[in-house]
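> Once you've had a glance at the structure underneath, I'll fire off some questions.
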Amino acid sequence: MDKVRYKKSDFFYELPETQIAQTPAEPRDSSRLLVYDRATKKIEDKIFRDIESELKAGDLLVLNKTKVIPARMYATTKNGGKVEVLLLKRYDLKTWEVLMRPGKKGKLGVTMTVGDKLSLTVKEITESGERIVEFEFDGVFEDILSEVGTMPLPPYIKEKLVDQTRYNTVYSKIDGSAAAPTAGLHFTPELLERLKNKGVQIAEVLLHVGLGTFRPVSEEIITDHKMHSEEYEIDERAAELINAAKREGRRVIAVGTTSVRTLESVADENGEVKACKGSTEIFLYPPYKMKCVDALVTNFHLPESTLIMLVACLTGREEILDVYRYAVREKYRFFSFGDSMFIR
């Protein structure tokens, strides 16, 4: 892959700000669905619940069961200054890697309070500017966090989220993400049940989504960009389902780029995976060929982002940009709370 000298500007497209979705569709499966067929280059405009007609018995949907925590909180310094603290990664019971804004207030050794139940002390500053902090509290950290924290919505969402559960999928189970695997936000329990009744299989993997996923590509040549590390896990049951599908020639359909990164981080040349856990810094861009993933359910991603680069691995750069331009013309809603795309 390193022979390719793509620039980040090679993945730019124009998007009117009015098409950045500010609120989730109601109900979840009423968002629009753009279906793109790679073989015929044909585009179809549908509603997300129509994905039922796109999937067939034997298909394997791979979902990311991570759950977004209310990871954003506001701390107060001894001088009364306000600091935004965003939880990124947990190391142990009390120790977290966090992002602080403004960073200049997060000096080494500084202690801050969050309400009257939580305090934190900066223990280390990483090379990339994140802080390693140690929390002090009485009680259960998760309970306190549910009181003082808010959902870490992306900065392009300006409207207040009335229902906090809408920034989690209906199948989210395991706390740990600082951002949602948004492709899964369109599924309802009823839709998932209908798919199962149709014979569609479902495997659940885990990747805790960090902000590195959404961090802008700062390097002009994309191969110079370094991804942040994210924790993943594939259990025995998921590995069995995925490997059986690959061996039998059935489609493995990833729901979201986080599921793609999990699968492609561990897949062998036959697309098979093993039960394992670890961390990944995988960065996928053309002309990478997917080893495990055959099709993808995904949202529309930011221009010049690592996510649009990943999706381009399935279609090629020019093709995906053509599809995105079509979506812009047809007034699809973009980004986290936006509409969906199925690449088959």
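> Pick from segment 187-240 the residues that are under 24 Å from Arg5 (Cβ atoms) and hydroxyl-bearing (Ser, Thr, Tyr): which of them is modelled with the highest pLDDT?
The selected residue is Thr223.
> Here are the criteria: (1) in contact with a helix residue (DSSP H, G or I) (Cβ under 8 Å, 6 or more places away or on another chain); (2) surrounded by fewer than 16 Cβ atoms within 10 Å (Cβ to Cβ). Tell me which single one Leu161 does not satisfy.
Here Leu161 clears every test but (2).
> Are any of the residues in segment 118-141 in contact (Cβ under 8 Å) with a residue 40 or more places away in the chain and assigned to a helix (DSSP H, G or I)?
Checked segment 118-141: at least one residue is in contact (Cβ under 8 Å) with a residue 40 or more places away in the chain and assigned to a helix (DSSP H, G or I).
> I'm told Leu241 meets every condition in (1) more than 30 Å from Tyr74 (Cβ to Cβ); (2) in contact with a helix residue (DSSP H, G or I) (Cβ under 8 Å, 6 or more places away or on another chain) except one. Can you identify the failing condition by its number?
Here Leu241 clears every test but (2).
> Could you please give the count of residues in segment 22-37 that are surrounded by 14 or more Cβ atoms within 10 Å (Cβ to Cβ) and part of a loop (DSSP other than H, G, I, E, B)?
5
> Being in contact with a Cys (Cβ under 7 Å, 6 or more places away or on another chain) and either assigned by TED's automatic domain parsing to the domain that holds Leu241 or under 26 Å from Ala39 (Cβ atoms) (or both), is that true of even one residue in segment 320-328?
no
This table checks each residue for (1) among the polar types (S, T, N, Q); (2) over 15 Å from the mean Cα position of the chain (by Cα); (3) outside any helix (DSSP H, G or I); (4) surrounded by 16 or more Cβ atoms within 10 Å (Cβ to Cβ).
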| position | (1), (2), (3), (4) |
| --- | --- |
| Ala245 | no, yes, no, yes |
| Arg250 | no, yes, yes, yes |
| Pro286 | no, yes, yes, yes |
| Leu296 | no, no, yes, yes |
| Leu302 | no, no, yes, yes |
| Leu307 | no, no, no, yes |
| Glu318 | no, yes, no, no |
| Leu321 | no, yes, no, yes |
| Ser336 | yes, no, yes, yes |
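> Could you tell me how many of the residues in segment 213-243 are touching a residue at least 60 places away in the same chain (Cβ under 8 Å) and in a helix (DSSP H, G or I)?
Of the residues in that region, 6 qualify.
> Answer yes or no: is there a residue in segment 209-226 that is in the same structural domain as Ala254 (by TED's automatic domain parsing), acidic (Asp, Glu) and under 21 Å from Arg28 (Cβ atoms). Reasoning before the result, please.
Pass one, segment 209-226, residues in the same structural domain as Ala254 (by TED's automatic domain parsing): 209-226.
Checking which are acidic (Asp, Glu) leaves us with 219-220, 224.
Filter once more, keeping what is under 21 Å from Arg28 (Cβ atoms): none.
No: segment 209-226 contains no residue that is in the same structural domain as Ala254 (by TED's automatic domain parsing), acidic (Asp, Glu) and under 21 Å from Arg28 (Cβ atoms).
Here's the yes/no breakdown for (1) part of a loop (DSSP other than H, G, I, E, B); (2) at pLDDT below 95:
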{"site": "Arg5", "(1), (2)": "yes, yes"}
{"site": "Ser9", "(1), (2)": "no, no"}
{"site": "Ser53", "(1), (2)": "no, no"}
{"site": "Lys56", "(1), (2)": "yes, no"}
{"site": "Gly80", "(1), (2)": "yes, yes"}
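> Spot the failing condition for Arg261; the list is (1) surrounded by fewer than 18 Cβ atoms within 10 Å (Cβ to Cβ); (2) outside any loop (DSSP other than H, G, I, E, B), and only one is missed.
Of everything listed in (1) surrounded by fewer than 18 Cβ atoms within 10 Å (Cβ to Cβ); (2) outside any loop (DSSP other than H, G, I, E, B), Arg261 misses just condition (1).
> Now for a different question. Looking at segment 164-212 only, could you name the residues that are under 30 Å from His225 (Cα atoms), out of contact with any strand residue (DSSP E or B) (no Cβ under 7 Å at 6 or more places or on another chain) and among the polar types (S, T, N, Q)?
Hit for segment 164-212 is Thr169, nothing else.
The values are calculated or read from the model by the stated rules, or taken from the named source; none is laboratory data. Here the structure is a predicted model, which means the values were calculated and not measured. Virtual Cβ from ideal backbone geometry, glycine too; neighbours counted across all protein chains shown.
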